Amino acid sequence: MSTLTLEQILEGRRSQPNQLIEVLQDIQEDRGYLPNDDMRAVSQNLGVPLIEVFRVASFYKAFRLKPTGRIVLTICLGTACHVRSAHLLLDHALEQLGVKPGEVTADGLFSIECVNCLGACAMGPIVKENGIYHDHVTPGKLRRLIETIRHREMEAKSHV
Amino acid sequence: MSRLNSFRELEHLREGLRERLEKYTTTVMLCGGPGCHAARSQAVIDAIRKELSAQRLTSEVRLLVTGCHGFCEEGPLMVIEPGNLFYHRISPDDAFEIVSQTLVKGKVIERLLYTDPISCKKIQTEAEIPFYRLQDRELLSQNRRVDSCSIEDYIAAGGYTALAKVLQSIAPLEAIKEIKASGLRGRGGGGFPTGRKWGECQEAPSDEKYVICNADEGDPGAYMDRGVLEGNPHLVLEGMMIGAWAVGARKGYVYVRHEYPIAVKHTRIAVEQAREFGLLGNNILGSSFSFDVDIARGGGAFVCGESTALMASVEGKVGEPRPKDVHTVVDGLYHKPTTLNNVETWANIPGIILNGSSWFASKGTQGSKGTKILALTGRIKNTGLVEVVMGTPIRTVVFDIGGGAVNGKQIKAVQIGGPSGGCLPVDKFDLPIDFDILSEAGSMVGSGGMVVMDEESCMIDVTKYFLTFLQDESCGKCLPCRVGVDRMLEIITDITEGRGKPEQLDLLEELADTVSQTALCGLGKTAPNPVLTTLRYFRPEYEAHINEKKCPAGVCKALITYWIDPDKCTGCKVCLQVCTYGAITGRKKQVHVIDTQLCQKCGICRSECKFDAIRVI
C-alpha cells in the first residue's frame, strides 16, 4: 500500500512547522493512517513537539490513528443524506458487520467511517466504497453491496 | 508553454486559442461535477471518448469534460452545441448511439431527452427546461464553457481579462471602491460587505499581507463551493489575484476540504498552470504585481469555517478560534492583515471588474446584490445546484425550480444556511433569499444550502441531528458551546425517546438564548438556531412528542411502530426474506405481519417493498 518514503514526503518541508497538517495528510493518503513512528519522525523533522503532532492528529477528523480495513465504507451523514434516512444506513452497516465506526472487521476486510458531507448531496444518501460513490442508497441496497464486496473478495482470495 | 510577459502576449494567446477552437464544428459538454461524478459519469466520459476516436471524429467534435451543470438529480448530463441539445441520465451503453446518430446524422435520441413533469412533453434544449429557465446562472454557466483542468479554455473564454484590466488601469483603491459600490457581500455565511473587508485590510499597516480562499465548505448539505472550485478553478484564482492586488498581498492560500479530492486536484493543476503561464509569480504579465498561491488541505473540522480557526489551521495548528478583539483584516494569518473570502465571493470578483459595479448592483435587493448559488437537496424532485438573483422567493426555488415534493408528498419546511441556519415552514416561503430578511426570520442565507423536508421529516429529529453534529464539531474551547450544546442535545434526545416533559421546552429556550449570547465564536453563537427556529415554527411537533409520545413524521424510533398495510401487501415474501430479525411472518400470496416485539425498526423491509405496503405509525 505505501509507496512513498517519509523522506519523499518531508522533502522541502523540513523545519517548517506550518507544513504539519499537509505532511500528515500525505502520510495518511499513502499509508491509510498515521503510524506512531511516522508521527515521531514528523515531530523531529518539522520541529514540532510530539504532543502537538498528536494534538493535531487527534483534533482533525481527517486523520486516523489506526489502520483501516481493505474496504472502507464511508457513510455520508450530511443533512441532505440524513433527511433521506442515512442514519438507517449507518445502523444497518454497523449491525451487519458487527463493528463500530472506525473499527475493522475480524477478517480485516471492512471498516466503517462516517463523514459530515461528501458534497454530492443531490444524489444522497451516499455511501463511498473506497473511491467509488454509490448514490441513492437504501438499507437493502447497502446490504447487497456489502454481500457483493464480500463475495468478490472471497473469489479473489481463492484465485490467489 | 512559455511565460506570458505582457498584456499583449495574453491577448495574442487568446486569439490563437480561439482560432484553434473554431475548427471544431460541434462541442459535446459532459458534466463531471459532484452529482454526475457520484452517478458514475466517468464511465460515460470514457465511453464517449472511445466512440469519438473509433468513429474518427476527434478533429471535428470537441469533447469538453466540465464542472457541474447543476441539474444533478438527472445526471449524468450532456449538452451538445450548437443546438443546446440536452441529454440526461446517460449510461456508457448510450455512447455508440449518441455518436453515430446524433453527432454524425444529427438525429435526436428521444429516449435521452428530458420529459417535462407537468406537460409530459419531451424537451430538446437545456434552455427550455423549467429547472434552468428561472435561474440566472451568472457563475455556474461559466462552468460549462471550460474544461476544468485547462487554463487555455479559460483564457479562450475570456479568462484573466479582468486581471489584465486592473493591472493596467485600475489602482488598488479604485478596485476596492468598485467592489464596495457593487454591494457584494460574503457568500460563505456571514454576509459581510466584501469591499469593506478589503478596504480595512488595505489600510492596515504592514509590509506583508495575505489573501485566503475558504473552500472548506463545512456545512453538511452544501456543495456549491465544490461545484465552482472543481468546475472553474481559474475563475476563483483570478478573483484572488484581483483581491491581492487591491489589498497589497503577495501570497495567498486556498484552504480546501480534504473530503473534496477532485477540488484539491483541480486547484493544484490550476495553480501550476497559472505559474507556468506567468499569471502567478513575480511581475505578473510584466507588471509590478507579484503574487503566488499555495494550497492548504483542511482536516475536516467544521469550526475551521470560522476565520481565526481557519487561519490557525493554515498555519498547521489545531483549528481553534480566538477572540476577535482585533479583526483578521488587521491581525490574521501569522498575525498579518488578511483578507478571507469564500469560493463564491472570489468567483464574483472578475465579473464585477469586467462589467462594472452598477451591473452587479442592478441585480438583487436593497441589501443583497447579485446572484446566489444554492444547493437544493433533500426531499425534493429536482435536486442540484441552482443560481438565482438575490431576492428570489424561497417558493420559486423550491416549487418552480425544484419541482416540489417527491411522490405527491407535502413539503413541510426548508432548512437554509446549514447548522448555523434555521428551518422555515411553508408559510414563510414567500420570504426572499436575502441576507437581512432571512436573518430576521431566524434563519440565514449562510453559504446557501437548502435542504427541503416533507411530511416524513421529523423536525425534532432534524434538530437532534444538528445538535449531534455541533456537539461533535464543537472545538471545546469555550464553555457555553461545549456544555450548552451538550445539555440541549440531552433534552432533545429525551424528547425523541419519549421521556420529554413540557417544562423542558422553556429550559431549552433559555439554554439556547444563553449559548447564543455568550459563545466565543460565530459558530457557537449560531449553534442554537436550529433549536430556536424549530421551537418557533414547529412547536406542535414538540408537543406531540412530549404529550402524546408520538412522532407525527414517523422517524423517531422509540415512538414509532412498523406495520404492513393489508390492502397493499401482495404476499411476495421480499420483506420476510430481508428481515434479519425474523420479525416478519406470512405465507406466499397472503398478507404478511410484523411482530412488533421482534422488529428493530431498521427500515430494510420498507426500502425493499415494491408495493409501498410497509407503514410507520
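Within the range B:72-93, one or more residues are within 14 Å of chain A (Cβ to nearest Cβ), under 30 Å from B:THR377 (Cα atoms) and aliphatic (A, V, I, L, M). Is one or more of the residues making up the range A:96-103 more than 30 Å from A:ALA156 (Cβ to Cβ), more than 13 Å from chain B (Cβ to nearest Cβ) and out of contact with any Phe, Trp or Tyr (no Cβ under 9 Å at 6 or more places or on another chain)? No, the range A:96-103 contains no residue that is more than 30 Å from A:ALA156 (Cβ to Cβ), more than 13 Å from chain B (Cβ to nearest Cβ) and out of contact with any Phe, Trp or Tyr (no Cβ under 9 Å at 6 or more places or on another chain). Taken as a whole, the range B:7-29 holds no residue that is touching a residue at least 40 places away in the same chain (Cβ under 8 Å) and either on the phi > 0 side of the Ramachandran plot or in a loop (DSSP other than H, G, I, E, B) (or both).
Per the listing B:PRO540, B:PRO502, B:PRO530, the residue uniquely in the same structural domain as B:THR468 (by TED's automatic domain parsing) and crowded, with 21+ Cβ neighbours inside 10 Å is B:PRO530.
Pairs meeting the criteria (first residue in the range B:303-326 and away from chain A (no Cβ under 12 Å), second residue among the β-branched types (Val, Ile, Thr), beta carbons under 6 Å, at least 6 apart or on different chains) are B:SER307/B:THR328; B:PRO321/B:THR308; B:ARG322/B:THR308. Scanning the range B:370-418 for residues that are surrounded by fewer than 24 Cβ atoms within 10 Å (Cβ to Cβ), part of a strand (DSSP E or B) and among the small types (Gly, Ala, Ser) gives no hits. When B:ARG133, B:ARG144 are screened for being closer than 30 Å to B:LYS363 by Cβ and free of Cβ contacts under 8 Å to residues at least 24 places away in the same chain, only B:ARG133 passes.
Counting only residues that are part of a helix (DSSP H, G or I), closer than 26 Å to B:ALA246 by Cβ and in contact with a Phe, Trp or Tyr (Cβ under 9 Å, 6 or more places away or on another chain), the range B:277-325 holds 8 of them. Tallying residues that are within 14 Å of chain A (Cβ to nearest Cβ) and either closer than 25 Å to B:CYS551 by Cβ or touching a strand residue (DSSP E or B) at 6+ places or on another chain (Cβ under 8 Å) (or both) within the range B:561-583 yields 8. Would you call B:GLU138 in a helix (DSSP H, G or I) and of a type outside the set (Ser, Thr, Tyr)? For B:GLU138, the condition - in a helix (DSSP H, G or I) and of a type outside the set (Ser, Thr, Tyr) - is not met. Report the residue count in the range B:351-390 for those that are on the phi > 0 side of the Ramachandran plot and either under 16 Å from the mean Cα position of the chain (by Cα) or within 14 Å of chain A (Cβ to nearest Cβ) (or both). Here the count works out to 2.
In the range B:419-443, the qualifying residues are those that are in a loop (DSSP other than H, G, I, E, B) and surrounded by 24 or more Cβ atoms within 10 Å (Cβ to Cβ), and the one that is modelled with the highest pLDDT is B:ILE433. Note on the range A:113-136: residues that are buried (at least 24 other Cβ atoms within 10 Å of the Cβ) and either touching a residue at least 24 places away in the same chain (Cβ under 8 Å) or under 19 Å from the mean Cα position of the chain (by Cα) (or both) amount to 10.
The values are calculated or read from the model by the stated rules, or taken from the named source; none is laboratory data. Predicted model, so just to flag it, every value in this text is computed and none were measured. Glycine gets a Cβ as well: all are built from the backbone with ideal geometry, and neighbour counts include every protein chain shown.
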